[in-house]
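The values are calculated or read from the model by the stated rules, or taken from the named source; none is laboratory data. Everything numeric in this text was worked out from a predicted model, so none of it was measured. Please note: Cβ atoms are built from the backbone with ideal geometry, for glycine as well, and neighbour counts cover all protein chains shown.
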Amino acid sequence: MVNINVAKYTLTWTEQVIADNVAPDTDTAIPTENCSEILCCWDTNGADTGAPDFDFHIEVDIDGTNYTSSHYATLASAVAKDVRGSALLTVPHRSIKARLDVNTANLAAAEDVTLYIYVFR
């Protein structure tokens, strides 16, 4: 029998303006040391109006303290509203943070996008 431990993190961005490398509403450092893989699933169904598109990025902790936008994986680019998708990261680091680029239109009041991160140990 295989014993798998999975930790789930939910990150949400609400009412964001066009900008790059935006932190989620609660900027959580997600511990990933000694994990086997990381599954990232995005959901842009909370973006209802306009024509927004989004880039989802992962920043990594390379030294135990600093997260840098020059060290990230791009999970998806130009994701439209009302889209769900996923990406698997197989090279874990000490910890990660998620960032969002809002590219074409602001998220209006009460609109949001969500990223779920599953860490497998």
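Odds and ends about this structure:
- Annotation note: Cβ proximity below 6 Å between a residue of region 74-89 that is closer than 19 Å to Val22 by Cα and among the polar types (S, T, N, Q) and a residue that is in a strand (DSSP E or B) and at pLDDT 95 or above (sequence gap 6+ or interchain) occurs for Ser77/Asp55.
- Lone qualifier among Thr28, Thr65, Thr32 - being hydroxyl-bearing (Ser, Thr, Tyr), within 13 Å of Ser95 (Cα to Cα) and exposed (fewer than 12 other Cβ atoms within 10 Å of the Cβ): Thr65
- Note on region 76-91: among residues that are within 15 Å of the chain's Cα centre (by Cα) and more than 18 Å from Gly46 (Cβ to Cβ), the one that is surrounded by the most Cβ atoms within 10 Å (Cβ to Cβ) is Leu89.
- For region 64-78, the count of residues that are in contact with a Ser or Thr (Cβ under 8 Å, 6 or more places away or on another chain) and β-branched (Val, Ile, Thr) is zero.
- Lone qualifier among Thr65, Thr90, Thr104 - being touching a Pro at 6+ places or on another chain (Cβ under 9 Å) and of a type in the set (Val, Ile, Thr): Thr104
- Residue that is farthest from Val83 (Cα to Cα), among those in region 39-59 that are surrounded by 22 or more Cβ atoms within 10 Å (Cβ to Cβ) and of a type in the set (A, V, I, L, M): Ile58
- Hits in region 94-115 - residues which are closer than 19 Å to Ile58 by Cα and either more than 15 Å from the chain's Cα centre (by Cα) or surrounded by fewer than 17 Cβ atoms within 10 Å (Cβ to Cβ) (or both): Arg94, Asn103
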